[in-house]
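K.L.:
Attaching a single structure in structure tokens format; questions to follow.
Just so you know, all these numbers are worked out from the coordinates, no wet-lab data involved. What you are looking at is a predicted structure, and each value in this text was computed from that prediction instead of being measured. Backbone-built Cβ (ideal geometry, glycine too); neighbour counts: all protein chains shown.
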Amino acid sequence: MAKNKGSGGGTVTIAAPAAVSSGEFVVAGSLTGVALDDAGSSQDVVLQTQGVFEMRKTANNVAVGLGAKLYAANSANQVTTATGGGRAFVGYALNASPTNSSAPVSVLLAPIGA
């Protein structure tokens with residue numbers, strides 16, 4: 001076994017850029033993932049970087065189509081199809097959520113560097 005191997009690939013441990021709760025998106029530069037535990041700012045937090053997670057969209061009056069590219073919203077634990085404002089790409093919608101629906105979106109996390 002290589003002595004320089006770190007993680008198995010599906011999770012990474014980083015210093016939290018801000019306080020986070022389990023289940024929230026964490027964006028650190030271009031790295032995105034879902035926090036598996038609560039952590040304070042600068043504390044170690046384990047991020048899941050692969051898999052599917054249920055997330056809310058930013059507004060019920062926005063439609064999300066199957067396969068849409070999704071971005072971390074500026075508000076915690078929400079996704080949007082809007083690309084501006086420095087939003088980080090997080091993955092793809094695995095279900096549609098029509099306009100005026102509060103149905104969560106199943107998000108397939110994008111591979112790091114995608």
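K.L.:
Between residue 99 and residue 13, how many nm apart are label points set 7 Å from Cα along the C-beta direction?
P.N.:
4.8
K.L.:
On each of the three principal axes of the Cα atoms of the chain, give max minus min coordinate, whole Å, ordered largest first.
P.N.:
Principal extents (Cα only, largest first): 51, 29, 23 Å.
K.L.:
Skipping prolines and chain starts, which residues have an amide H placed within reach, meaning under 5 Å, of the one on residue 68, given they are 5 or more residues away or on another chain?
P.N.:
Amide H to amide H, under 5 Å and 5 or more residues apart or across chains, residue 68 pairs with 93.
K.L.:
Evaluate the charge dipole of segment 31-109 about its Cα centre and quote only its size in Debye, nearest 20, assuming +1 on the Cβ of each Lys and Arg and -1 on the Cβ of each Asp and Glu.
P.N.:
In debye, rounded to 20, segment 31-109 gives about 380.
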